[in-house]
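Structure below; questions to follow.
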Amino acid sequence: MITMKKAIQFGAGNIGRGFIGAVLAENGYHVVFADVNETVVGKINEDKEYVVRIMDTECTEIKITNISAVDSRSPQLVQEIAQAQIVTTAVGLTILPRIAGALAAGIAQRCSDGVKECLNVIACENGLRASTQLKEHVYGHLSDLQKQYADEYVGFPDCSVDRIVPPIKSENPIDVVVEKFYEWNVERASIKGEMPQIAGMNLADNLIAYVERKLFTLNTGHAITAYLGRLKGHRTIEESISDPEILAVVKAAMQESGEGLVAKYGFDHDAHFAYIDKILGRFRNPHLQDDVTRVGREPLRKLSANDRLIKPTLTARQYGFDTRNLVKGIAAALHYDNPEDPQSVQMRQVIAEQGLEKAVEQFSGLESGAPLVGEILCAYEALK
């Protein structure tokens with residue numbers, strides 16, 4: 001019988017520690033961080049606490065306690081999952097398939113132990129339906145009997161997460177710096193068992209609207225700021241958004257995306273445009289010092305059909321809105337040149353070998369000869 005509230009947080013990186021893990025610990029969960037970084041795992045187990053520094057006009061600190069950590073390749077993790085009420089992730093969409101095996105083993109253990117308490121697995125990633133994606137990977141490891149068990153006792157609610165957590169080095173490697181603002185919306189209908197009472201988690205009924213609102217406003221604006229900033233030689237997001245030319249394009253691109261979102265989901269127009277202004281204010285936070293190479297990393301993922309550049313452009317166009325600034329953002333992403341980023345290297349190689357037009361079609365899933373492809377090519381040339 002499980003008696004204590006336990007949460008497993010896959011990913012003990014800055015977002016795992018500075019956002020999701022911190023919220024759960026503050027709500028009385030014992031948080032077990034699962035990670036492959038032995039130094040971080042060892043330090044969490046040694047210190048049993050860390051500090052979250054909230055950087056705003058007034059800077060504050062929160063001490064996070066009641067934590068431990070486990071190597072995510074260790075058999076101990078299976079036992080931890082078998083005793084948990086909630087599992088969260090902050091590992092990146094591309095890593096979800098790698099953690100599915102351990103998660104499936106934990107579910108299989110619960111099944112064989114006859115655990116009747118529900119477990120909810122929430123993938124807190126920047127992407128559409130990340131928990132649903134994780135569920136598919138997990139079910140690939142389960143037997144028919146275990147799938148039946150999971151169908152009854154394991155929920156995979158999708159969510160939307162929003163907090164800027166820059167990789168600022170602290171004296172203590174597990175302390176973390178975050179912005180004050182955060183938002184965590186979780187799909188109410190997919191939760192199994194009792195609704196978790198977690199301050200800081202909003203249970204949402206129309207989650208996909210929240211996910212797209214965040215992904216195609218904050219993440220769209222953030223990425224375009226990074227790509228235009230990199231092109232002009234700026235180092236940080238704050239430096240980039242302080243450049244009037246970049247600010248004008250980013251704000252207009254977010255508004256173009258916003259027109260599409262308002263038309264699609266019926267958001268209040270004035271409230272949504274105020275949300276855009278609030279986000280631009282967050283980009284200007286001088287304490288965050290967020291590097292353009294962090295925000296711009298993995299350009300191929302960000303240029304894919306359902307991600308933060310192509311999808312909002314197509315949505316806005318579907319409703320007849322102008323997208324010239326979103327197109328500039330896509331073109332800037334195609335210019336992204338960072339030899340230390342494998343996806344940037346791959347992107348440059350494909351463009352060099354196949355030509356820009358074919359590369360754009362391959363990356364974005366856009367049809368050959370689509371008007372948008374032509375506009376992207378023109379915008380790319382204009383940025384040279």
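The values are calculated or read from the model by the stated rules, or taken from the named source; none is laboratory data. Since this is a predicted model, take the numbers as computed values, not measurements. No Cβ is skipped: glycine too gets one built from the backbone with ideal geometry, and neighbour counts run over all protein chains shown.
If you take the residues in segment 357-384 that are assigned to a loop (DSSP other than H, G, I, E, B) and over 27 Å from the mean Cα position of the chain (by Cα), which one is nearest to Phe321 (Cα to Cα)?
Filtering segment 357-384 down to residues assigned to a loop (DSSP other than H, G, I, E, B) leaves 365-370, 383-384.
Now narrow it down to the ones that are over 27 Å from the mean Cα position of the chain (by Cα): 367-370, 383-384.
Details: Glu367: 20, Ser368: 22, Gly369: 20, Ala370: 17, Leu383: 23, Lys384: 26 Å.
The residue in question is Ala370.
Now for a separate question. For segment 219-240, enumerate the residues that are aliphatic (A, V, I, L, M) and surrounded by 24 or more Cβ atoms within 10 Å (Cβ to Cβ). Before the answer, list the steps.
Going through segment 219-240, the residues aliphatic (A, V, I, L, M) turn out to be 223-224, 226, 228, 231, 237.
Ala223, Ile224, Ala226, Leu228, Ile237, listed by residue number.
Farther than 30 Å from Val292 by Cβ, in contact with an Asp or Glu (Cβ under 9 Å, 6 or more places away or on another chain), in contact (Cβ under 8 Å) with a residue 24 or more places away in the chain and not in a helix (DSSP H, G or I) - does that describe any residue in segment 76-85? Even if it seems obvious, please write down each step before you answer.
The initial filter retains those residues of segment 76-85 that are farther than 30 Å from Val292 by Cβ, namely 76-85.
Retained after the next criterion (residues that are in contact with an Asp or Glu (Cβ under 9 Å, 6 or more places away or on another chain)): 77, 82, 85.
Okay, now just the ones that are also in contact (Cβ under 8 Å) with a residue 24 or more places away in the chain, so 77, 82, 85.
Within this subset, residues satisfying the condition of being not in a helix (DSSP H, G or I) are 85.
Yes, segment 76-85 contains a residue that is farther than 30 Å from Val292 by Cβ, in contact with an Asp or Glu (Cβ under 9 Å, 6 or more places away or on another chain), in contact (Cβ under 8 Å) with a residue 24 or more places away in the chain and not in a helix (DSSP H, G or I).
Somewhere in segment 121-129, is a residue assigned to a loop (DSSP other than H, G, I, E, B), among the aliphatic types (A, V, I, L, M) and surrounded by fewer than 20 Cβ atoms within 10 Å (Cβ to Cβ)? Break it down stepwise before answering.
Filtering segment 121-129 for residues assigned to a loop (DSSP other than H, G, I, E, B) gives 124-129.
When the remaining residues are screened for being among the aliphatic types (A, V, I, L, M), the result is 128.
If we keep only those that are surrounded by fewer than 20 Cβ atoms within 10 Å (Cβ to Cβ) too, we end up with 128.
Looking through segment 121-129, at least one residue is assigned to a loop (DSSP other than H, G, I, E, B), among the aliphatic types (A, V, I, L, M) and surrounded by fewer than 20 Cβ atoms within 10 Å (Cβ to Cβ).
Which of the strands (runs of 3 or more DSSP E) contained wholly in segment 1-61 include at least 1 residues that are under 21 Å from Asn126 (Cα atoms)? Steps first, please.
Values: elements: 6-10, 30-35, 49-55.
Hits in segment 1-61: 6-10, 30-35.
Filter segment 327-356 down to residues that are of a type in the set (Gly, Ala, Ser) and part of a helix (DSSP H, G or I) and give me whichever is nearest to Ala248 (Cα to Cα). It would help to see each step written out before you state the result.
Initially, segment 327-356 is screened for residues of a type in the set (Gly, Ala, Ser), giving 329, 331-333, 344, 352, 355.
Applying the additional criterion that residues be part of a helix (DSSP H, G or I) yields 329, 331-333, 344, 352.
Details: Gly329: 12, Ala331: 16, Ala332: 15, Ala333: 17, Ser344: 26, Ala352: 31 Å.
Result: Gly329.
Follow-up. Check whether at least one residue in segment 255-265 is of a type in the set (A, V, I, L, M), in contact (Cβ under 8 Å) with a residue 24 or more places away in the chain and surrounded by 17 or more Cβ atoms within 10 Å (Cβ to Cβ), and report yes or no. If you could, list the steps in order and put the result at the bottom.
Initial filter on segment 255-265 (of a type in the set (A, V, I, L, M)): 261-263.
Now restrict to residues that are in contact (Cβ under 8 Å) with a residue 24 or more places away in the chain: 261, 263.
Going one step further and asking which of them are surrounded by 17 or more Cβ atoms within 10 Å (Cβ to Cβ), we end up with 261.
Checking segment 255-265: at least one residue is of a type in the set (A, V, I, L, M), in contact (Cβ under 8 Å) with a residue 24 or more places away in the chain and surrounded by 17 or more Cβ atoms within 10 Å (Cβ to Cβ).
Matching residues to (1) out of contact with any strand residue (DSSP E or B) (no Cβ under 8 Å at 6 or more places or on another chain); (2) of a type in the set (A, V, I, L, M); (3) surrounded by fewer than 20 Cβ atoms within 10 Å (Cβ to Cβ); (4) closer than 30 Å to Lys116 by Cα:
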site	(1), (2), (3), (4)
His30	no, no, yes, yes
Thr57	yes, no, yes, no
Thr60	no, no, yes, no
Lys63	no, no, yes, no
Ser68	no, no, yes, yes
Arg73	yes, no, yes, yes
Leu77	no, yes, no, yes
Ile81	no, yes, no, yes
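So that you can scan it fast, the table gives a plain yes or no per residue for (1) aliphatic (A, V, I, L, M); (2) modelled with pLDDT of 95 or more; (3) touching a Cys at 6+ places or on another chain (Cβ under 9 Å); (4) part of a loop (DSSP other than H, G, I, E, B):
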site	(1), (2), (3), (4)
Val165	yes, no, no, yes
Ile168	yes, no, no, yes
Asn185	no, yes, yes, no
Gly193	no, yes, yes, yes
Pro196	no, no, no, yes
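Taking the residues in segment 294-326 that are within 16 Å of Ala253 (Cβ to Cβ) and among the aliphatic types (A, V, I, L, M) as candidates, determine which candidate is surrounded by the most Cβ atoms within 10 Å (Cβ to Cβ).
Checked segment 294-326; the qualifying residue surrounded by the most Cβ atoms within 10 Å (Cβ to Cβ) is Leu326.
Could you tell me how many of the residues in segment 285-331 are closer than 14 Å to Thr225 by Cα and over 21 Å from the mean Cα position of the chain (by Cα)?
Number satisfying all stated conditions: 4.
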